[in-house]
1. Across the range 215-236, which residue is most open to solvent (accessible area, probe 1.4 Å) among those that are over 19 Å from Ala300 (Cα atoms) and more than 17 Å from the chain's Cα centre (by Cα)?
2. Only one of these conditions is not met by Asp115: (1) exposed (fewer than 14 other Cβ atoms within 10 Å of the Cβ); (2) modelled with pLDDT of 95 or more. Which number is it?
3. How many of the residues making up the range 90-100 are crowded, with 22+ Cβ neighbours inside 10 Å and not β-branched (Val, Ile, Thr)?
4. Which numbered condition in (1) touching a residue at least 12 places away in the same chain (Cβ under 8 Å); (2) of a type outside the set (Asp, Glu); (3) out of contact with any helix residue (DSSP H, G or I) (no Cβ under 9 Å at 6 or more places or on another chain) is the only one that Ala352 fails?
5. Taking helices (runs of 4 or more DSSP H) that do not extend beyond the range 319-369, which have at least 2 residues that are over 12 Å from Ala292 (Cβ atoms) and under 43 Å from the mean Cα position of the chain (by Cα)?
6. When you scan the range 203-214, do you find a residue that is on the phi < 0 side of the Ramachandran plot, surrounded by 20 or more Cβ atoms within 10 Å (Cβ to Cβ) and either part of a loop (DSSP other than H, G, I, E, B) or not aliphatic (A, V, I, L, M) (or both), even just one?
7. Can you tell me which residues in the range 158-172 are open to solvent by 40 Å² or more (accessible area, probe 1.4 Å) and either farther than 17 Å from Ser118 by Cβ or outside any loop (DSSP other than H, G, I, E, B) (or both)?
8. List, please: which pairs have Cβ atoms under 8 Å, are six or more places apart or on different chains, and start with a residue in the range 42-68 that is closer than 23 Å to Glu96 by Cβ and end with one that is open to solvent by less than 50 Å² (accessible area, probe 1.4 Å) and not in a helix (DSSP H, G or I)?
Amino acid sequence: MLRSYPLLRTTARACALVTLVALGACDSGPKPGEEGSYWGRKLVEAPDTIRRDAALKHLQEVKDKRSLPFLYEELKKPVTEQRPATVELVGMIGDETSVDPLVEAVDLLAGAGHDKESRIKANANEKAVKALTRLGQQNAAIAKNAKVVEVIRKLSSSNSLDVQLAAIYALGELRATDAVDDLVKIADGHENNFMVKNACEALTKLGDPKAADVMGKLMFFERTGASFYRESSWGLFVLGKPAMPTLDAIWNARFKAIDTLHIDPLVQKTKAVVVYGDLADPSMFDRIIEAAGTEGNNTAAALLRIEAIRAAARIGLDKVVPTLKKRMDNVDISQSEHALAGLVQLGRKETAGDIWKMTTPEGFLKNCT
């Protein structure tokens, strides 16, 4: 009996091999046009990571809507390494039926943990937000879907910066007007500069007047190596008329939100006048002309004068011409250079003779006495 053991083992191996070959012979691969459902089923039924990865790779290549039921089923399973890629693929396929599965795939308890499962969950949340954003950009009804907006709003306070950034961007792209207060809070106090900038940009897309004050504050608020002036001044320009009360308070040095920053009143006027020039509102023309005539050679006065001249020139304010002619031959280049540039931009050809005289010895000596 003992001598028969090798024969039994050999026979068992042969039977197993025959069984495997038989099973393989039954699976001849997907038929043309059925790749999505074939590999989708493989993904759901795969017993190990290697085969799930292989199935998912095929699905990423075909991007077939017929694979969606299987992808949705996969998302209902406990978290696997393939979850972020599965969520991303659902978004790439881009079907209206994906909204609920994507919303349900979000784990609101996931944060910025360092263990493997936490990283997978956070990554999947980020992919879900981006997928919902893509769907909302393609379909206005999805962008207004209350469930979509609500879950993204909640993720905008995630302690995972990648998830939070995706959510902030999404709220702007989806024009989620219900999220104005959430975004104002982020723009007004988040410790991460990138979040502040993106929250300001999202608020600009929403165009809600409630954002004017935080944008006004961000024109002056700075951190080491970071300024938010570009995003905030653009935001006020996009707001238009509703931004005027904030700009007026800044112009008059009565904007309480920046009291603790101790900003020079002339610097406040400078930043206000730039936006006035962009808005080209006739009610602000006198202020621009007044600022173009600012006296003084200190930095704050010079910057106010320069920006006001630029604003007047790009709007085409002819009333500023006398002020510019008064300064165009000043030996102080900080005054003459920008006055001359303004006259050129305004196209005042009648000043050509006076400019020519400035280049003569007599013209030069006149300004030295």
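1. This residue is Thr224.
2. Status for Asp115: all satisfied but (2).
3. 1
4. Tallying (1) touching a residue at least 12 places away in the same chain (Cβ under 8 Å); (2) of a type outside the set (Asp, Glu); (3) out of contact with any helix residue (DSSP H, G or I) (no Cβ under 9 Å at 6 or more places or on another chain), Ala352 fails exactly one: (1).
5. On the way: elements: 321-327, 333-346, 352-358, 361-368.
Answer list for the range 319-369: 333-346.
6. Within the range 203-214, one or more residues are on the phi < 0 side of the Ramachandran plot, surrounded by 20 or more Cβ atoms within 10 Å (Cβ to Cβ) and either part of a loop (DSSP other than H, G, I, E, B) or not aliphatic (A, V, I, L, M) (or both).
7. The initial filter retains those residues of the range 158-172 that are open to solvent by 40 Å² or more (accessible area, probe 1.4 Å), namely 159, 161-162, 165, 169.
Leu161, Asp162, Leu165, Tyr169 - these are the residues of the range 158-172 that are open to solvent by 40 Å² or more (accessible area, probe 1.4 Å) and either farther than 17 Å from Ser118 by Cβ or outside any loop (DSSP other than H, G, I, E, B) (or both).
8. Correct list of pairs: Leu43/Gln82; Leu56/Gln82; Lys65/Asp95; Leu68/Asp95.
The values are calculated or read from the model by the stated rules, or taken from the named source; none is laboratory data. As the structure is a prediction and not an experimental result, all values here were calculated from the model. Please note: Cβ atoms are built from the backbone with ideal geometry, for glycine as well, and neighbour counts cover all protein chains shown. With ligands, DNA and RNA removed, areas are computed over all heavy atoms of the protein, side chains included. Shrake-Rupley method; radii C 1.70, N 1.55, O 1.52, S 1.80 Å.
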